[in-house]
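Report on the structure given below.
The values are calculated or read from the model by the stated rules, or taken from the named source; none is laboratory data. Bear in mind the structure is a predicted one, so any value in this text is a computation, not a measurement. As a convention, Cβ positions derive from the backbone with ideal geometry for all residues, glycine included, and neighbour counts pool all protein chains shown.
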Amino acid sequence: MNGTAAGLLALLFVSHFLGDFTPLATSRMQKAKAVGRPLSPIAAHAAVHALLVGLAVLVGAWPGAALAGMAVGIEFVTHLAIDWARGRLGANRPALSDPEAQAFWTILGVDQLAHGLVLIWIAFLVL
């Protein structure tokens, strides 16, 4: 792995942190994500992530508008799908929404792993 790839991956993971674990993820977004509806706050959350990924890609790799746009699109669609699916699973299975249950931590780990793999895929595509 070269310095550009490492730098881009770092920027992508920082962008993920900013989108999920700072005030950029509003309480309305968090509540909707917890149950997988309504879809509009989850889509807004995915749009925040997509914009952050777009910025990370432009700063970290400067691949041109087409590849940056592709990265934004991939992040939006996959982030929306992953967060919606996790919310719907949690709404139907109480243990997945209970931080006292091991299942909660497992599904959170699967969620974060899926997001991380998408970011690696994006880095691969734009470099």
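Things worth noting here:
- Residue match in region 85-94 (condition: touching a helix residue (DSSP H, G or I) at 6+ places or on another chain (Cβ under 9 Å) and of a type in the set (S, T, N, Q)): no
- Counted residues, region 1-23 - those being part of a loop (DSSP other than H, G, I, E, B) and at pLDDT 95 or above: 2
- Across region 81-99, the number of residues qualifying as over 12 Å from residue 111 (Cβ atoms), in contact (Cβ under 8 Å) with a residue 40 or more places away in the chain and among the aliphatic types (A, V, I, L, M) comes to 1.
- Scoring residue 61 on the criteria (1) modelled with pLDDT of 95 or more; (2) of a type in the set (Gly, Ala, Ser); (3) under 18 Å from residue 4 (Cβ atoms) leaves a single failure, condition (1).
- Considering only residues in region 88-127 that are closer than 17 Å to residue 16 by Cα and small (Gly, Ala, Ser), the one that is surrounded by the fewest Cβ atoms within 10 Å (Cβ to Cβ) turns out to be 109.
- Residue check, residue 72 part of a helix (DSSP H, G or I), β-branched (Val, Ile, Thr), in contact (Cβ under 8 Å) with a residue 40 or more places away in the chain and surrounded by 20 or more Cβ atoms within 10 Å (Cβ to Cβ): no
- Scope region 46-63; condition assigned to a helix (DSSP H, G or I) and hydrophobic (A, V, I, L, M, F, W, C); matching residues: 46, 47, 48, 50, 51, 52, 53, 55, 56, 57, 58, 59
- Residues of region 35-68 that turn out to be without any contact (Cβ under 8 Å) to a residue 12 or more places away in the chain and under 15 Å from residue 126 (Cα atoms), as a count: 5
- Residue in region 92-100 that is aliphatic (A, V, I, L, M) and at pLDDT below 95 present: yes
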